[in-house]
1. Would you tell me the accessible area of Ser190, worked out with a 1.4 angstrom probe on the heavy atoms of the protein chains, in Å² to the nearest 10?
2. On the protein heavy atoms, probe 1.4 angstrom, tell me the percent of accessible surface of region 55-214 carried by carbon and sulfur.
3. Taking amide hydrogens as modeled 1.01 Å from N in the peptide plane, which residues meet the under 5 Å criterion relative to Phe129, leaving out close sequence neighbours?
4. Give me the 1.4 Å probe accessible area per residue for region 191-284, excluding ligands and nucleic acids, in Å².
5. Taking all protein chains together and a probe of 1.4 Å, list Thr178, Thr69 from the most accessible to the least accessible.
6. How much solvent-accessible surface does Tyr219 expose, in Å² to the nearest 10, with a 1.4 Å probe and all protein chains in place?
7. On full extension of the chain, what length is gained from Thr67 through Asn249, given 0.36 nm per residue of separation minus the C-alpha to C-alpha distance?
8. With θ set to phi - 60°, apply the Karplus curve 6.51 cos²θ - 1.76 cosθ + 1.60 along region 124-129 and write out the HN-Hα couplings as whole Hz, x wherever there is a Gly or Pro.
Amino acid sequence: MKWKNRTESKNVQDNRGKSMAGKTAIGGGLLGIIAMLLVVFGGETGQQIAPVLEQLNQGNTTEQVETRTLSSEEVEMGKMVSVMFKDTEDVWHAIFDQMGQIYQEPKLHLFDDQVQTKCGHAQASVGPFYCPADQTIYMDLRFFEELHQRFGAEKGNFAIAYVLAHEVGHHVQNLMGTNAKVWEQQQLLSKKEANKLSVAQELQADYYAGVWAKHIQKYLEPKDIDIALSAAQAVGDDAIQKRVTGQVNPDSFTHGTSKQRKEWFMKGYQTGNINQGNTFDFIK
């Protein structure tokens, strides 16, 4: 993606280089992998995220904040993500304006290791996520190296763009009342049926990411869409379950298969139309 010498977002808080000492790190072992699988790509509402984050934090105590100097590569990556975030702001402002609505911009919080949010305390092992309670997307950018090395996603800056646009998609759902409706319906359903709604919610966020990509085509480079699809492939429920456990349990899916995630991203990219992303009828 072409991003250099372009306008950056003013809604990015970069706290990288600051980390809390005295916490038990879980990212390197099996617990860290499972934790990441629970909320990777932040598909749940704030009510669902908070208990998971608090559970991961049990027994940990904060002692002090450690600081480090960001490398030149990290500084450049921060600027790149800020440009990408500005692109999401511009696109969704235009789409909401066409609908006769006002787009409320979310915040983006970059952090190292762990972070405190209004949805609870999170460690980096949970992956990027959106917190509706403070309308903020939280990302430890080192996640993308993990996505490449451990889960086989193709390396490239548009993998970051895809994830970021997906999380912004959850913000759009929050503004449109989709998240609240899903949460209310899930309380009345079995775990299996509630999971289906979660899958639909995730696939719609993928669709919205594709819609965004369509609207910024002039900034795309030849391999960008392939890189996004590779990331979608890597985080499909079936791909993750098979890689981690060697088995696949469709009833436990909460984000959709690799095939579904790629298909809905591409549908969004091909149409560029927010009104054609009704994934909830698709999963019935």
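The values are calculated or read from the model by the stated rules, or taken from the named source; none is laboratory data. It should be emphasised that the depicted structure is a prediction, and the values quoted were computed from it without experimental measurement. Accessible surface areas use protein heavy atoms only, side chains included; no ligands, DNA or RNA. Shrake-Rupley method; radii C 1.70, N 1.55, O 1.52, S 1.80 Å.
1. Spelled out: Ser190, probe radius 1.4 Å, area about 60 Å².
2. Working: 3040 of 6560 Å².
That fraction is 46 percent.
3. Sorted by chain and number, the residues that satisfy this are Tyr138.
4. Solvent-accessible surface per residue comes out at 46 Å².
5. Values: Thr178 25, Thr69 125 Å².
Heavy-atom accessible area, descending, gives Thr69, Thr178.
6. Rounded to the nearest 10, that gives 60 Å².
7. Net length gain for the segment: 61.3 nm.
8. 4, 5, 7, x, x, 8
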